[in-house]
Every structure is written in C-alpha cells, then in structure tokens.
Amino acid sequence: MSLIKSISGIRGNIGGQAGDNLTPLDIVKFTLAYGYFIKENHSAAKTKIIIGRDSRISGEMVKNLVAGSLNSLGIDVLDMGYTSTPSVEMAVRSQKAQGGIIITASHNPQGWNALKLLNVEGEFLTKTDGEKILLLAETNNFEFSPEDKLGYYILDPYLDLDHVKEILKLELVDKNIIAKQDFKIVVDGINSVGGMIVPSLLKELGVKNIIELNCEPNGRFAHKPEPLAENLLEICARVKAEKADLGIVVDPDVDRLAFIDENGEMFGEEYTLVAVADYILENFAVIDKNY
C-alpha cells in the first residue's frame, strides 16, 4: 500500500488497486472532493482553478482526469502545462483563481505522482480545510453540473513568464550586476520542468554561459530526485570539470533548491534558505524604503 492521504493532498504509486495506490478512481474522487470544497467556500464567484504538472510520464493522464473532474462540477480550469510548484502558487493569485492543483510527487521517485492542493491565496491548505476535503472524498456525495453549465478548459503555457517578470521586479534582484559577472553556471534539471524554467530565468538575468545537464523534460529522472549530496555526484563533478562558478539543482517540481560551489561541493538547501534570508535582512532598508 502506497496511497498517502494528508491535509496537503494525496500521493502514491500509479496503478494497482483503487484505495491502495494512486489509481484513476482515487484521482477523480479526491479531485471532486477538493473542487466541491472550493465551490462551497466561493459560492458567489465563478470558480476557477489553476493546474500544472511536472514532467512525470503519468502526468498527462492525471492532468486529464483532474481537469475533467473539475469541469464536471462547473469549475473552469486554467492549465499551465509543464510548470513548477511556485509558479502555480503565483498564478493562483495573479489570475484571481480560487485554488490550484499541482500534479507532482515532488522528490518521490519515478512511478509516483500526487495532487498538491492550494487555497485561494496560493498556499497549502490548513489542517482544518485538508481534513474537510478528506472527509468529503469518503462521503462521495457530489452533485454534477448539467451540460450547459460545465466548466471550460484553457491551456496557457506562458503564465510562467509572469512569474519570471515578478522575480525581475524584485528590488534586490539586479540583472545588470549579474550580467556583468559573466558567470558560468551548470544546471541539473533532473529531466523535469526545472530544466526548462531555471535556464530560462538565468537567461533573463543576463547569464549567457549555461551548461544544461539532464534538462530534457521527459520524466525519466537521471538520478534520485531528492537534492541530497549522495544523489548529486554528476553535477558536482561537472561543475569542477567545467571550472564553473556555480551549480544549480532542483527537484522535479522546483520547490527544492541546492547550490554547488565552484569547488564542486554541495551548498545544501537548508543553507541556501538561510543565506538568502540573511541577504534580504542585510538589505532590508532597500525593501523598506517605500513603507
């Protein structure tokens, strides 16, 4: 048994028996419960939900089940296609949607997939809301929309660009300074969406010398997805061999990040977060000047 139900969503192995793994029946059941919960909490608005996925082989199948289930409840679906978890979170707010579903099993290996569930703020659900959805899924008491009130489906793979634009607008991000450094950077996208998004962002920041490693989004992960030192031997060696300034590695849905320094040594994700926070706090006067 590998079906894991939690307040933030549902994950498991694709295939097998319903209730024991992430089967089409389980995907539909939990998507309907989430959609029903969103509609009940936003009854005055035309409901819209953002969806997106990583490159897992099962992703297209799961996406079709999710979109159809939401449409059957009269919910409009805006599909970002291949995208990152942070990009979906941003799009929920920018598109004034009532929720979001990211189809990704994050750092779990091939064969797994999952539904990550977001609220109207583009944030993961509270414990109370998550428990309500799990209960709804078990009651299986849904009322579906007639044909003339079905939701619509729109594919917009360019919403990622809005996320990039927001990054470039940050006061502590100076693309001119970055471009002048003439960095050489190795990117390991683990053959998922990070191989598309990270190089694209670096180019917008003025980085011209980008070495792409495992950046084809085919869902066939080149190594174990969790960005731990023992899984990153290839990029560590490549950074050193190329005499690169930096290595960047992400997990399949790009919500975990680790750096490799110029010596081919891992600068772990926990240190990455601390270093960024430290930089922001040191420069808080720049951010705070308009307040």
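The values are calculated or read from the model by the stated rules, or taken from the named source; none is laboratory data. This structure is a prediction, so every number in the text was calculated from the model and none was measured. In this analysis, Cβ positions are derived from the backbone assuming ideal geometry, glycine residues included, and neighbour counts consider all displayed protein chains. Calculation scope for accessible area: heavy atoms of the full protein, side chains included, ligands and nucleic acids excluded. Shrake-Rupley method; radii C 1.70, N 1.55, O 1.52, S 1.80 Å.
A few points about this structure:
- Carbon-plus-sulfur accessible fraction, the chain (probe radius 1.4 Å, protein heavy atoms only): 55%.
- When each of Lys96/Lys132; Lys203/Lys240; Lys39/Lys169 is checked by Cα-Cα distance, pairs over 26 Å: Lys39/Lys169
- Helical runs (DSSP H, four residues minimum) scored at -39500 (n - 2.57) apiece and divided by the length of the chain put the mean residue ellipticity at 222 nm at -11500 deg cm²/dmol.
- The share of alpha-carbon pairs in the stretch 152-221 lying farther apart than 21 Å comes to 35%.
- Folded to 0 to 90 degrees: helix 194-204 orientation relative to the chain principal axis, Cα: 50 degrees
- Sorted peptide list for 86-93, 6-13, 186-193, criterion being average Cβ within 10 angstrom, highest first: 186-193, 86-93, 6-13
- Computed from the Kirkwood radius of its Cα pairs, the Stokes-Einstein diffusion coefficient for the stretch 179-275 at 20 °C and 1.002 mPa s stands at 164 µm²/s.
- Between amide H atoms placed 1.01 Å from N, distances below 5 Å from Ser55 occur with Val193, all of them 5 or more places distant or on a separate chain.
- Protection-proxy order for peptides 70-80, 215-225, each taking the mean of Cβ atoms within 10 Å per residue, highest first: 70-80, 215-225
- Electrostatic bookkeeping for Ala91 treats Lys and Arg as +1 and Asp and Glu as -1; over the other residues with beta carbon under 11 Å from its beta carbon, the sum is -3.
- Protein heavy-atom accessible surface, 1.4 Å probe, per residue over the stretch 126-226: 61 Å².
- Accessible area per residue for the stretch 65-124 is 28 Å², calculated with a 1.4 Å probe on protein heavy atoms, without ligands, DNA or RNA.
- Summed side-chain charge close to Arg53 - residues other than Arg53 whose Cβ falls under 11 Å, Lys, Arg +1, Asp, Glu -1: -1
- Per residue convex hull volume, Cα atoms of the chain, in Å³: 141 Å³
- Cα convex hull of the stretch 6-110, projected area averaged across orientations, nm²: 6.4 nm²
- Semi-axes of the equivalent ellipsoid of the stretch 71-163 are 22, 19, 14 Å, computed as sqrt(5λ) over the eigenvalues of the C-alpha gyration tensor in descending order.
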